[in-house]
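Visitor: Take a look at this one; I'll ask things after.
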Amino acid sequence: PFLELDALVASRAGMSLAAIFEIHGAAYYRRLEREEVERLVTPGEAAIVATSGGLVAEHATFDLLRRRAVTIWLRATPEDHWRRVVAQGDARPMEGREGAMDELRALLRARRALYEQADHVVDTSALGQSRAIDRVVKIVREAARSEAQRSG
């Protein structure tokens, strides 16, 4: 199954992400995010989980994920990141900011070393959606086979 961590956090909080950040702030969101990651990485059913790009800056959460799951950095150009976030209806991080694209570029540069700690890299800008999905599915299937062989 495919799960989106932000959706799990919003469901748990009983409010939208925008409301979580507006009412409770980023620290509350990050605490709920950590709790959801802890729940997801307990032994049980495997899943593909999409996380926010900022998760890597929460070192304890990212370390937990790296220890207990196969991680994949879905690399993309800043322009593709921008288009995808806006297409999802989330202008919150850069809304009304004149230098938003420059800030996004700086943020991606600052996080690059963290993203590179992922087990795999899939360049979604270079591959396009269909081929990127194929690559992710291949990585997940290989990880599942390896896990089955270790457990078997």
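The values are calculated or read from the model by the stated rules, or taken from the named source; none is laboratory data. Everything quoted here is computed from the prediction, not taken from an experiment. Cβ placement follows ideal geometry from the backbone for every residue including glycine, while neighbour counts extend to all protein chains displayed. Note: accessible area is taken over every heavy atom of the protein model, side chains too, but ligands, DNA and RNA are not part of it. Shrake-Rupley method; radii C 1.70, N 1.55, O 1.52, S 1.80 Å.
Every residue, every condition in (1) open to solvent by 30 Å² or more (accessible area, probe 1.4 Å); (2) at pLDDT below 90; (3) over 30 Å from SER146 (Cα atoms), yes or no:
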site	(1), (2), (3)
TYR29	no, no, yes
ARG39	yes, no, no
ILE48	yes, yes, no
ALA60	yes, no, no
ARG66	yes, no, no
ALA87	yes, yes, yes
ARG97	yes, yes, yes
ARG105	yes, no, yes
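Visitor: If only one of VAL86, VAL70, VAL137 is out of contact with any Asp or Glu (no Cβ under 7 Å at 6 or more places or on another chain) and within 19 Å of PHE2 (Cα to Cα), which one is it?
Guide: Details: VAL86 fails: within 19 Å of PHE2 (Cα to Cα); VAL70 fails: out of contact with any Asp or Glu (no Cβ under 7 Å at 6 or more places or on another chain).
Matching residue, one of VAL86, VAL70, VAL137: VAL137.
Visitor: Give the residue that is most open to solvent (accessible area, probe 1.4 Å), with candidates limited to residues of the range 1-27 that are touching a residue at least 40 places away in the same chain (Cβ under 8 Å) and within 30 Å of ALA144 (Cα to Cα).
Guide: PHE2
Visitor: Further, regarding this structure: Within the range 122-151, work out how many residues are closer than 25 Å to ARG83 by Cβ and open to solvent by less than 60 Å² (accessible area, probe 1.4 Å). Don't jump to the end; show me each part of the working.
Guide: Filtering the range 122-151 for residues closer than 25 Å to ARG83 by Cβ gives 122-137, 139.
Then keep just the ones that are open to solvent by less than 60 Å² (accessible area, probe 1.4 Å); that gives 122-125, 127-128, 132, 136-137, 139.
So the count comes out to 10.
Visitor: If you don't mind, there's one more thing I want to ask. Of the numbered conditions (1) under 29 Å from ARG141 (Cα atoms); (2) touching a residue at least 12 places away in the same chain (Cβ under 8 Å); (3) charged (D, E, K, R), ARG39 fails exactly one; give the number of that condition.
Guide: Of everything listed in (1) under 29 Å from ARG141 (Cα atoms); (2) touching a residue at least 12 places away in the same chain (Cβ under 8 Å); (3) charged (D, E, K, R), ARG39 misses just condition (2).
Visitor: If we scan the range 105-120, do we find a residue that is closer than 16 Å to ALA50 by Cβ and either in a loop (DSSP other than H, G, I, E, B) or of a type in the set (Asp, Glu) (or both)?
Guide: yes
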